[in-house]
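Asker: One structure is given below, represented as structure tokens, and several questions about it will come after.
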Amino acid sequence: MTRRSCVIYATGIVCAHLLIVGIALVVAQVFQTMIHNRLKKELTLTEASQVFESWKNPPPPVYMEYYFFNVTNPEVFLAGGKAVVTQIGPYTYREYRPRENVTFLENGTKVYALNPKSFVFVPEKSRGNPEVDILRTVNIPAVAVMSELNSYSFLLRTLVSMYMNSIGVEIFMTRTVHEVLWGFKDPLLTKIHSIRPEVDEMFGLMWKKNGTHEGEFVFLTGERDYMEYGRIDTWNGLTEMSWWSSNQSNMINGTDGSVFHPLLSRKELLYIFAADLCRSIHLGYVEDVDVKGIPAYRFAPPHDVLQSPEENPTNTGFCVPAGDCLGTGVLKVSVCREGAPIVVSFPHFYQADDKYINAVDGLHPNKEEHETYLDLNPTTGVPIRACKRAQLNIILNRVPGFPKTKHLNEIIFPIMFVNETATIDDDSAAQMRTLLLIVTLVSNFPLLIVGMGAILLIVLVVLVCRSRQKKNEVKRIDFTEAFHSFTVSLNLPRLSFSFSY
């Protein structure tokens, strides 16, 4: 056997083995299964896992941007006209949210944690000074008192109204942004506090929320099932709520929004329990995006999350009392937060009925600025970018016994909205890109083997073709020499041809 033949046979054997092994690995998905099992094991809330420390102390900076609606014509509105508002802000605060008192339960299958949040003002990311800027907005303590007295006698409401007038309490108040946000001593609440000490005399939208937590959480670590990674098991000792009017509405579903299980699918719905909304919401796939070179799926709340029960009967349970329902795009949360008739929505009533948007001049809802969304890497389930946007509103209507409300028709009046944002930092993004590169290379290793086999197959074909071509040339040369020898042996005369003109 010649050297050329040995090379051809060796190439053929190696090519066959590579193709057989590679195709078998691709079909069996051995490497993909190995990587997926590794991800499922590593992405758990256990002390040994690589994600535990980042879950305990989140590295990406979180910013809270507060926007307020300044009322420019309160007198016209109280006289029966249409309110006009202008948006001011943002007033941006850096949010710190480490997890504390972390304790593992039930052999590491659950973990208990508190999540206190603290806020520090960031002037370079803000537009205005909250301690200087003046805001004219609804006097929420006054509206809360009027709403609470709505079920009491007309005489009592009249007496309270007279007292409110005597101390100068109006339906609209003028305060600094800092006071409205972080608290001030309210004259009406001070009087009530003297009668009922359990009522706080201070009021602020974020009063007592700087440095405090939203409750005691117990999470599933994902040790038993990777699909349970980060899912809330109990909140304040509860496995379900009791405020709403249906079992489905009272369910505590999903995670707290900071982690999700790996190997996400575009077809699945993700659930998040929002303690500030007193309910769980779901998010659906929207599109593929890229954040700092990291591929991600964008998930956002679909339109049916806040649809009216007429359009989405599953939302009937959020009508409290039963049958007392609002329209699409708004949710009344005063059932879980004592006090004023508070309603939440997306900013500028995005995805809400036109009647809410048109009730006030100055609202301009749009998807780019007012949509809530999460960009998640599908392989790891890690949030790469998050944007949570919610608006705080209050119900204003006519209350008998309070003459200043006599021209009011029921309206959901916007107060402010918050834009909570977080994007993966550069160091974490670099680590994520490296991890995804390794995952891609290992997962596609069988394809690499098939590719090498295909290249060797091409080389084999070339070698075989050249070998056959060489053999044909050798046969042709041998035939010519044989023919020449034959003519010589016959001693044939040479023929010559000449041409003459």
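Asker: What list of ³J(HN,Hα) couplings, whole Hz, do you get for the stretch 363-371 from phi and the Karplus terms 6.51, -1.76, 1.60, once you set θ to phi - 60° and write x for glycine and proline?
Answerer: So the Karplus estimates, Gly and Pro as x, are 9, 9, x, 8, 5, 4, 9, 10, 8 Hz.
Asker: Peptides 397-404, 209-216: what's the order by average Cβ count within 10 Å, highest mean first?
Answerer: Top to bottom by mean Cβ count within 10 Å: 397-404, 209-216.
Asker: Separate question: Which whole-Hz ³J(HN,Hα) couplings does the stretch 151-159 yield from phi under the Karplus relation 6.51 cos²θ - 1.76 cosθ + 1.60, θ = phi - 60°, glycine and proline marked x?
Answerer: Here the 3J(HN,Hα) series is 9, 8, 5, 4, 5, 5, 4, 5, 4 Hz.
Asker: Within 9 Å, Cβ to Cβ, of Val291, how many net charges do the neighbouring residues add up to if Lys/Arg are +1 and Asp/Glu are -1?
Answerer: Computed value for this residue: 0.
Asker: May I pose another question? Summing Lys, Arg as +1 and Asp, Glu as -1, what charge do residues with Cβ under 11 Å from the Cβ of Glu179 carry, Glu179 excluded?
Answerer: Around Glu179, the surrounding residues sum to -1.
Asker: Given a 1.4 angstrom probe, I'd like the percentage of the accessible area of the stretch 60-424 that is carbon and sulfur, rounded to a whole number.
Answerer: Percent of accessible area from carbon and sulfur atoms in the stretch 60-424: 52.
Asker: Tell me, rounded to the nearest percent, the portion of alpha carbon pairs in the stretch 60-424 spaced more than 29 Å apart.
Answerer: For the stretch 60-424, the fraction of Cα-Cα distances above 29 Å is 45 percent.
Asker: What dipole magnitude, in Debye to the nearest 20, does the stretch 60-424 give about its Cα centre under +1 on Lys/Arg Cβ and -1 on Asp/Glu Cβ?
Answerer: The dipole of the stretch 60-424 has a size of about 640 debye.
The values are calculated or read from the model by the stated rules, or taken from the named source; none is laboratory data. Just so it is clear, the structure is predicted and the values come from calculations on it, not from any experiment. In this analysis, Cβ positions are derived from the backbone assuming ideal geometry, glycine residues included, and neighbour counts consider all displayed protein chains. All accessible areas refer to the heavy atoms of the entire protein, side chains included, with ligands and DNA or RNA removed. Shrake-Rupley method; radii C 1.70, N 1.55, O 1.52, S 1.80 Å.
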